[in-house]
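Novice: Got a structure for you, written out below as structure tokens; questions coming shortly.
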Amino acid sequence: QVQPVESGGGLVQPGGSLRLSCVASGSMFSIWPVGWYRQAPGKQRELVARCAGGGCTVYAESVKGRFTISRDNTKVTAYLQMNSLKPEDTGVYYCNLHTDLRDYWGQGTQVTVSS
């Protein structure tokens, strides 16, 4: 059963950093695209960053230069390094694993940026 599990969220002051982790089982993890999405209160879920086809890209314009996505296939884990956090980064962050059959979503991890 493929089920991503996120961790690493929490409360952080503006300007701080967090690293989110997404652990997923599955022998095909290394070839499945994996992405980080976030949903702020009252807003739609948006794609933040994604690794696919051997490369990783940050898509959300508001986080470029501050967030980095990476994956370690030996640990079946994807990461989202978030630096210089702003209050507008607050939301629930979800990991998505795109397999040949379906998408799998984690339960989400809350990130709150506040002083």
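The values are calculated or read from the model by the stated rules, or taken from the named source; none is laboratory data. Being a predicted model, the structure only gives us computed values, none of them experimental. We place every Cβ from the backbone using ideal geometry, glycine too, and count neighbours over all the protein chains shown. We work out accessible area using only protein heavy atoms, side chains counted, and drop any ligands, DNA or RNA first. Shrake-Rupley method; radii C 1.70, N 1.55, O 1.52, S 1.80 Å.
Novice: Is there any pair linking a residue in the stretch 78-97 that is free of Cβ contacts under 8 Å to residues at least 12 places away in the same chain to one that is open to solvent by 10 Å² or more (accessible area, probe 1.4 Å) and among the small types (Gly, Ala, Ser), with Cβ under 7 Å and at least six apart or on different chains, and which?
Specialist: As it stands, the answer is none, since no pair meets every condition given.
Novice: While we're on this one: Taking the stretch 23-55 as the search range and keeping residues that are β-branched (Val, Ile, Thr) and assigned to a strand (DSSP E or B), which one is surrounded by the fewest Cβ atoms within 10 Å (Cβ to Cβ)?
Specialist: Val23
Novice: Take the residues of the stretch 92-115 that are open to solvent by less than 40 Å² (accessible area, probe 1.4 Å) and among the aromatic types (Phe, Trp, Tyr): which is modelled with the lowest pLDDT?
Specialist: Within the stretch 92-115, the match that is modelled with the lowest pLDDT is Tyr104.
Novice: For the stretch 56-86, which positions are small (Gly, Ala, Ser), in a helix (DSSP H, G or I) and open to solvent by less than 30 Å² (accessible area, probe 1.4 Å)?
Specialist: none
Novice: Exactly one condition in (1) free of Cβ contacts under 8 Å to residues at least 24 places away in the same chain; (2) under 19 Å from Gly26 (Cα atoms) is false for Tyr59; which is it?
Specialist: Only one criterion in (1) free of Cβ contacts under 8 Å to residues at least 24 places away in the same chain; (2) under 19 Å from Gly26 (Cα atoms) is unmet by Tyr59, namely (2).
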